[in-house]
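The values are calculated or read from the model by the stated rules, or taken from the named source; none is laboratory data. Bear in mind the structure is a predicted one, so any value in this text is a computation, not a measurement. Reconstructed Cβ throughout: ideal geometry from the backbone, glycine too, with neighbour counts over all protein chains shown.
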Ligand SMILES: Cc1cc2nc3c(=O)[nH]c(=O)nc-3n(C[C@H](O)[C@H](O)[C@H](O)COP(=O)(O)O)c2cc1C
């Protein structure tokens, strides 16, 4: 099964299944000499981990990262950084009902058809548990990026939308379990997620992300445009259905005379519909984008589905699941952003003399 490696120079390979012994990864290409703040890495993992609040899956994992190589006396050595996170709270019995049947809109059917075999326990490799490894690597990448600031937050849960732009929000601290930086909206979102959970249902949402202090020049023309790589990074996250940056889909309804970002004398722009990227290259303005997550597939409600023999059968989800993934997806979006920027930061160093 290919497709487990992300990045060109700052490269992450992840391994592991939801109910195997461990998940983890190898970061290859991280430069030597970075003094790592290991607490900050664990802190990002804690923001993603299950069981952290009443509105996420109640699987209890400590999600403690153990580094195996590539770091000596707290400093990167330039050799591959290997790390592992043990799986501690697997309840594989909860998944016996999907051994021979396929959850609608999950990855069960396509894995079975493509590979002829699958680790059905907790969704195996298709489980978002894999994204914990991305969060570790992303937290390392953040430390390489130093002054570049990456902040993601929840901007919609179902129909409840935050009606403020990032420039009006204080993004310095996460103040609630939804990770929406507006208290009144966050309270509505929290109540709605709790209601959805009671119904045994799920709901989608949007994570927005802002990158500040980006130097001019990150991004390679043609196929490796910065926004194309960000798009790929975001669309590789489980349950993501949409990506837009800058004016996004709303820009399609505008006139050029309104949409053009006019220059100030210092090269900054008066508006930022471009979302900080022009021609695939960062222009020094803030980069901002939205990532749409679907309502996840596993419902604690009965649905009709297909089994391996081609029969229509009744299925009701069991086990511990997220009614809405966006609060836990915030650190994942940040991590994938950091991986892209670290990679493009290093690529920039070899792309001009
Ligand atoms: C943080 C996070 C948690 C998730 N938790 C669940 C879950 O509890 N139940 C579920 O069915 N899907 C969950 N998913 C989504 C599945 O992993 C995903 O839908 C599945 O792999 C199929 O891929 P696709 O939806 O991208 O097509 C989660 C996704 C994320 C990002």
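Some observations on this one:
- Residue ID - surrounded by the most Cβ atoms within 10 Å (Cβ to Cβ), chosen from residues in region 91-120 that are in contact with a helix residue (DSSP H, G or I) (Cβ under 7 Å, 6 or more places away or on another chain), modelled with pLDDT of 90 or more and in a helix (DSSP H, G or I): 108
Conditions tested, residue by residue: (1) under 30 Å from residue 191 (Cα atoms); (2) under 18 Å from the mean Cα position of the chain (by Cα); (3) surrounded by 14 or more Cβ atoms within 10 Å (Cβ to Cβ).
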| position | (1), (2), (3) |
| --- | --- |
| 2 | no, no, no |
| 15 | no, yes, yes |
| 19 | no, no, yes |
| 27 | no, yes, yes |
| 59 | yes, no, yes |
| 76 | no, no, yes |
| 80 | no, no, yes |
| 84 | no, no, yes |
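- For region 220-267, the tally of residues that are surrounded by 15 or more Cβ atoms within 10 Å (Cβ to Cβ), within 16 Å of the ligand (Cβ to nearest atom) and not in a loop (DSSP other than H, G, I, E, B) stands at 6.
- Residue ID - surrounded by the most Cβ atoms within 10 Å (Cβ to Cβ), chosen from residues in region 274-298 that are within 16 Å of the ligand (Cβ to nearest atom) and assigned to a loop (DSSP other than H, G, I, E, B): 298
- Where residue 3 falls short, out of the listed (1) at positive phi; (2) outside any loop (DSSP other than H, G, I, E, B): (2)
- Candidate set: region 144-159, residues that are under 19 Å from residue 346 (Cα atoms) and in contact with a helix residue (DSSP H, G or I) (Cβ under 7 Å, 6 or more places away or on another chain); chosen: the one nearest to the ligand (Cβ to nearest atom): 150
- Of all the residues in region 166-188, those that are in contact (Cβ under 8 Å) with a residue 40 or more places away in the chain and either over 22 Å from the mean Cα position of the chain (by Cα) or crowded, with 20+ Cβ neighbours inside 10 Å (or both) number 2.
- In region 40-50, of all residues being away from the ligand (no atom under 12 Å from the Cβ) and closer than 30 Å to residue 91 by Cβ, the one that is surrounded by the fewest Cβ atoms within 10 Å (Cβ to Cβ) corresponds to 43.
- So residue 217, is it away from the ligand (no atom under 16 Å from the Cβ) and either outside any helix (DSSP H, G or I) or under 19 Å from the mean Cα position of the chain (by Cα) (or both): yes
- Every pair of residues 6+ apart whose Cβ atoms lie under 6 Å, when the first sits in region 317-330 and is within 16 Å of residue 132 (Cβ to Cβ) and touching a residue at least 60 places away in the same chain (Cβ under 8 Å) while the second is more than 9 Å from the ligand (Cβ to nearest atom) and assigned to a loop (DSSP other than H, G, I, E, B): 320/58; 327/178; 327/179; 330/179
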